[in-house]
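One structure is given below, encoded as structure tokens.
The values are calculated or read from the model by the stated rules, or taken from the named source; none is laboratory data. Because the structure is predicted, anything quoted here is derived from the model rather than measured. As a convention, Cβ positions derive from the backbone with ideal geometry for all residues, glycine included, and neighbour counts pool all protein chains shown.
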Amino acid sequence: MMYEGQMYEVRRNSGISIRRYIGISIGLLFCLMGFAQSKLTYELRMAATGEVELLDNFPASYAGEKVNISLYDGGKYEPLRYDEGRDTVDFIFAHPGEEDLSAWGDSIFCYSESEEVVWTVWRSKKEPKNRNQRVLVTNGRNTFEAYLHETAESHRSHGWIWFVFAGLMLAAGIAYACYVITERRKERGLTPVEQETLRRKRMGLRRHYFSQMYLWLLLIVLYAPIALIAVFSFTKSKVLGNWTGFSLDLYANLFTGQADAGLNSAIWYTVIIALIAAVSSTILGTLAAIGIYNMRSRQRKVVSFLNSVPMINPDIITGISLFLLFVALGFSQGLATVCIAHVVFCTPYVVLSVLPRLSRMNPNTYEAALDLGATPGQALRMVMLPELWPGMISGFILALTLSVDDFGVTFFTKGSGGLETLSTFIYSDARKGGLTPELRPLFTLILLVMLTVLIYINIRNSKQRKN
Amino acid sequence: MSRVIQIFSSRRTWAWPYVLFMALFVVLPLILVAVYAFTDIDGHFTIRNFAKFFTHSEAIQTFLYSVMIAVFNTAICLLIGYPAAYIMAQEDFRTPKVMAMLFILPMWINFLLRTVATVELFNMCGLPLGEGALLFGLCYDYLPFMIYPIYNTLQKMDNSLVEAAQDLGANRWTCFWKIIVPLSMPGVYSGIVMVFMPTVSTFAIAELLTHNNIKLFGSLIQDYITTTDLLNYGAVLSLVLLIIIGLTSFFGDNNSEGEKGGMI
């Protein structure tokens, strides 16, 4: 015979004992993954920079050309595949005798950086047998023979990251098991009622800790790439993910303007475009909001719908449609077209942030000002603007953010005149297979500034709440 | 002069410049997309571009694949984001906004740079770049768009309804499914719209995350539209995308645009 209570007891016990091992088993899983990873990829990537020895003069305009590269073995290697129409070229090497092409490198990224040629061999699964590889470079007209040197930029696999995960998970599992055991000990010698209250309390706490842990885990994942950027902003290496010792050179380069010229102009263009777009969309949007607010309901609906179209449209559609417009009208694309495009997608947000201020304001004050002899301009300046100011400011900031962040629209409207904003600069940089190193300190600083603003606002808010 | 003043003292007219601007730079370009889709290079009317789309298996496949990826990404974002928003709305933090702000803060870093860093992270962990990386990167980029609207609706929710349900004997689970989930649906809808629409039209992220091995519809459009003689075909593809976007926003919640503004 079993009591009901007893059954309950049994079931709960078994549940807890399973849970106790979840943490540990996940830890073990991560450990296994660590081992597996470290075995699979002991050489992840080899980036070799500079020193390409050539038989002939190397073409200066290398980046735009279609180029074949093949491992040199008496000219018997042939390239399997490469993408045309890109300024960087992917290659897979074919060897007539070998089946497995990924023997040491399954693709090569190459681009020219000033006069030196940078080769990045992606994801080689095995260590290259010969570190000073001889390669053939052809661009259709000429064939060059070159040596591929490994330099300090190459680095080994990071399988240890999995061990860190595994260690953390194991520690968490063991800590949890210990916690459960000690809690069980506490229960001994208590009356059932006391045990139950203790359990309830513990369940609440556990729920709290689990949900907290979930949030923090999510945040860790969310911030991991950003942390990577921030950490590697303090080293000089060209390749992200390659630590060559602590240095503040990148920050110094950023501030003394010694960074890449393209980056400097991209920063300036971004700032200029954002300011122009934000100022003009704030003016246009505020006027529009006042107009919309005073419209009859049917007109208002139409204009509001019109206002929501650029917000619904994804960047690529806005960008392409404007691109087609500029093509059809024969506009030459450049700074002006980018600014117009930015005003297009910023203004709706300004309108939306000014409208609530209008509905909160007394509609009669403006009329009263007119009746008392103010011109519409005066009434606008002295009566309406002070009321609308907060909405305009938030609209302005919103427009600034959207403009700085935009990629899709800028990409299609910037034309081919060499105008780059930060987003498009990063894009073309990333396509070449490497990032300009100075981007790392730049965005670390932006993040820090935003973090400071956030903390400042929070402190101010909590102080206000106390008062 | 007095007449001019009279016109401008009617404040309704102040929206005219904006309406004009919008007509020229929003409505006209969208019409132009349709016009280009129905013409050939010389400007003659043709439906050959559409016929090409329906027989072009690469385009159709890419299109279906992109929609699938977008659906998956939206589902993953919802599965991960809903609990997070729920926890944040439930917990009585002393400074409740901090967590929500922490989730939005990464958006201040350029998303392309974050994507490149994600690629680097995958390289460091020895994980292959491919579909998995693509989904991770997309989810990583758009998760805040899912969390924020849900968090907003959950926070504004009247808590007395939950208390009433509990008083009437509902357990936590019933209470969650019968009260909280239905009440948070507006937030979920706008979250879905805000994640689905950019994912289905994304073009740079996929390219970076897979080393251009996986092509999404956005990249395809970009390829065609930037090639001069295939511009009209690119317009057809954009029109297809536009229809999808229109359908989504029609079935979705209208609040989503406002939410995006609220986030920043």
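Filter the stretch A:388-422 down to the residues that are among the small types (Gly, Ala, Ser) and free of Cβ contacts under 8 Å to residues at least 24 places away in the same chain and list them by number. Before you say what the answer is, go through the steps one by one.
If we filter the stretch A:388-422 for residues that are among the small types (Gly, Ala, Ser), which is where we start, we get A:391, A:394-395, A:399, A:403, A:408, A:415-418.
The answer is A:GLY418, and nothing else.
Residue check: is B:LEU138 out of contact with any Cys (no Cβ under 6 Å at 6 or more places or on another chain) and touching a residue at least 40 places away in the same chain (Cβ under 8 Å)?
Working: out of contact with any Cys (no Cβ under 6 Å at 6 or more places or on another chain): yes; touching a residue at least 40 places away in the same chain (Cβ under 8 Å): yes.
Yes; evaluated as a whole, the condition is true for this residue.
For the stretch B:71-80, indicate whether the set of residues that are in a helix (DSSP H, G or I), in the same structural domain as B:PRO186 (by TED's automatic domain parsing), within 26 Å of the chain's Cα centre (by Cα) and of a type in the set (S, T, N, Q) is non-empty.
Keep residues of the stretch B:71-80 that are in a helix (DSSP H, G or I), which gives B:71-80.
Within this subset, residues satisfying the condition of being in the same structural domain as B:PRO186 (by TED's automatic domain parsing) are B:71-80.
Right, trim to within 26 Å of the chain's Cα centre (by Cα) and you get B:71-80.
After this cut, where a residue has to be of a type in the set (S, T, N, Q) as well, the list is B:73-74.
Yes: one or more hits.
For residues that are crowded, with 17+ Cβ neighbours inside 10 Å and not aliphatic (A, V, I, L, M), scanning just the stretch B:232-248, find the one that is farthest from B:ASN73 (Cα to Cα).
Going through the qualifying residues, I end up with B:ASN232.
From the list B:PHE203, B:PHE176, exactly one residue is of a type outside the set (Lys, Arg) and closer than 16 Å to B:ALA84 by Cα. Which is it?
Details: B:PHE203 fails: closer than 16 Å to B:ALA84 by Cα.
After ruling out the rest, the residue left standing is B:PHE176.
For a quick check of your reading of the model, give me the residue pairs whose first member lies in the stretch B:9-30 and is at pLDDT below 90 and surrounded by 14 or more Cβ atoms within 10 Å (Cβ to Cβ), whose second is among the polar types (S, T, N, Q) and part of a helix (DSSP H, G or I), with beta-carbon atoms closer than 7 Å and at least 6 apart or on different chains.
Listed pairs, sorted by first residue: B:TYR18/A:THR347.
Would you check if B:VAL35 is within 12 Å of chain A (Cβ to nearest Cβ), within 26 Å of the chain's Cα centre (by Cα) and modelled with pLDDT under 90?
Working: within 12 Å of chain A (Cβ to nearest Cβ): yes; within 26 Å of the chain's Cα centre (by Cα): yes; modelled with pLDDT under 90: yes.
Spelling it out, B:VAL35 is indeed within 12 Å of chain A (Cβ to nearest Cβ), within 26 Å of the chain's Cα centre (by Cα) and modelled with pLDDT under 90.
Across the stretch A:436-458, which residue is farthest from the other protein chains (Cβ to nearest Cβ) among those that are part of a helix (DSSP H, G or I) and either among the β-branched types (Val, Ile, Thr) or on the phi > 0 side of the Ramachandran plot (or both)?
Applying the first criterion (part of a helix (DSSP H, G or I)) to the stretch A:436-458 yields A:439-458.
From what's left, either among the β-branched types (Val, Ile, Thr) or on the phi > 0 side of the Ramachandran plot (or both): A:444, A:446, A:449, A:452-453, A:455, A:457.
Values: A:THR444: 9, A:ILE446: 6, A:VAL449: 9, A:THR452: 11, A:VAL453: 10, A:ILE455: 9, A:ILE457: 8 Å.
Only one residue tops the list, namely A:THR452.
Here's the yes/no breakdown for (1) within 7 Å of another protein chain (Cβ to nearest Cβ); (2) surrounded by fewer than 24 Cβ atoms within 10 Å (Cβ to Cβ); (3) not β-branched (Val, Ile, Thr):
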residue	(1), (2), (3)
B:VAL193	no, no, no
B:ALA204	yes, no, yes
B:LEU216	no, no, yes
B:LEU230	no, yes, yes
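Can you spot a residue in the stretch B:90-99 that is of a type in the set (Ser, Thr, Tyr), surrounded by fewer than 16 Cβ atoms within 10 Å (Cβ to Cβ), free of Cβ contacts under 8 Å to residues at least 60 places away in the same chain and under 30 Å from A:SER462 (Cα atoms)?
First, pick out the residues of the stretch B:90-99 that are of a type in the set (Ser, Thr, Tyr): B:95.
Right, trim to surrounded by fewer than 16 Cβ atoms within 10 Å (Cβ to Cβ) and you get B:95.
Restricting the remaining residues to those that are free of Cβ contacts under 8 Å to residues at least 60 places away in the same chain gives B:95.
With under 30 Å from A:SER462 (Cα atoms) added as a condition, the list becomes B:95.
Looking through the stretch B:90-99, at least one residue is of a type in the set (Ser, Thr, Tyr), surrounded by fewer than 16 Cβ atoms within 10 Å (Cβ to Cβ), free of Cβ contacts under 8 Å to residues at least 60 places away in the same chain and under 30 Å from A:SER462 (Cα atoms).
I want to confirm something. Restricting to the stretch A:293-340 and keeping residues that are among the aliphatic types (A, V, I, L, M) and loosely packed, with under 15 Cβ neighbours inside 10 Å, which single residue is farthest from the other protein chains (Cβ to nearest Cβ)? Step through it out loud before you land on a result.
Applying the first criterion (among the aliphatic types (A, V, I, L, M)) to the stretch A:293-340 yields A:295, A:302-303, A:306, A:309, A:311-312, A:316-317, A:320, A:322, A:324-325, A:327-329, A:335-336, A:338, A:340.
Now narrow it down to the ones that are loosely packed, with under 15 Cβ neighbours inside 10 Å: A:302, A:328-329, A:336.
Details: A:VAL302: 9, A:ALA328: 6, A:LEU329: 9, A:ALA336: 12 Å.
Once the filter is applied, the top-ranked residue is A:ALA336.
Given (1) farther than 25 Å from A:CYS346 by Cα; (2) more than 8 Å from every other protein chain (Cβ to nearest Cβ), identify the lone condition not met by A:GLY415.
Failed condition: (1).
For the stretch A:422-432, give me each residue that is farther than 17 Å from B:MET107 by Cβ and either part of a helix (DSSP H, G or I) or touching a helix residue (DSSP H, G or I) at 6+ places or on another chain (Cβ under 6 Å) (or both). Walk me through how you get there before you give the answer.
Taking the stretch A:422-432 and keeping what is farther than 17 Å from B:MET107 by Cβ, we get A:424-425, A:427-432.
Scanning the stretch A:422-432 gives A:THR424, A:PHE425, A:TYR427, A:SER428, A:ASP429, A:ALA430, A:ARG431.
Just one of B:VAL200, B:VAL195, B:VAL236, B:VAL240 is over 14 Å from B:SER66 (Cα atoms), assigned by TED's automatic domain parsing to the domain that holds B:THR118 and out of contact with any His (no Cβ under 8 Å at 6 or more places or on another chain); which is it?
Values: B:VAL200 fails: over 14 Å from B:SER66 (Cα atoms); B:VAL195 fails: over 14 Å from B:SER66 (Cα atoms); B:VAL240 fails: over 14 Å from B:SER66 (Cα atoms).
B:VAL236 is the lone residue from the list that is over 14 Å from B:SER66 (Cα atoms), assigned by TED's automatic domain parsing to the domain that holds B:THR118 and out of contact with any His (no Cβ under 8 Å at 6 or more places or on another chain).
Out of B:ILE180, B:ILE87, B:ILE150, which single residue is modelled with pLDDT of 85 or more and in contact with a Gly (Cβ under 7 Å, 6 or more places away or on another chain)? Break it down stepwise before answering.
On the way: B:ILE180 fails: in contact with a Gly (Cβ under 7 Å, 6 or more places away or on another chain); B:ILE87 fails: in contact with a Gly (Cβ under 7 Å, 6 or more places away or on another chain).
Matching residue, one of B:ILE180, B:ILE87, B:ILE150: B:ILE150.
Among the numbered criteria (1) buried (at least 19 other Cβ atoms within 10 Å of the Cβ); (2) farther than 20 Å from A:GLN258 by Cα, which one does A:LEU442 miss?
(2)
Between residues in the stretch A:218-233 that are facing chain B (nearest Cβ under 9 Å) and among the β-branched types (Val, Ile, Thr) and residues that are surrounded by 15 or more Cβ atoms within 10 Å (Cβ to Cβ) and not in a helix (DSSP H, G or I), which pairs lie under 8 Å by C-beta distance while being six or more apart or on different chains?
Final answer for the pair search is A:ILE226/B:ILE109; A:ILE229/A:LEU240; A:ILE229/B:ILE109.
B:ALA70 versus (1) buried (at least 20 other Cβ atoms within 10 Å of the Cβ); (2) more than 20 Å from B:ALA204 (Cβ to Cβ); (3) more than 10 Å from chain A (Cβ to nearest Cβ): which is the lone unmet condition?
That leaves (2) as the condition not met.
Could you check the stretch B:152-226 for helices (runs of 4 or more DSSP H) lying wholly inside it with 3 or more residues that are touching a residue at least 12 places away in the same chain (Cβ under 8 Å)?
Numbers: elements: B:159-167, B:172-175, B:181-201, B:204-209, B:217-225.
Because the criterion is at least 3 residues that are touching a residue at least 12 places away in the same chain (Cβ under 8 Å), the helices (runs of 4 or more DSSP H) in the stretch B:152-226 that meet it are B:159-167, B:181-201, B:204-209, B:217-225.
Can you tell which of A:THR375, A:THR436 is over 30 Å from the mean Cα position of the chain (by Cα) and at pLDDT below 85? Spell out how you get there, then give the answer.
Working: A:THR436 fails: over 30 Å from the mean Cα position of the chain (by Cα).
Sole residue among the options that is over 30 Å from the mean Cα position of the chain (by Cα) and at pLDDT below 85: A:THR375.
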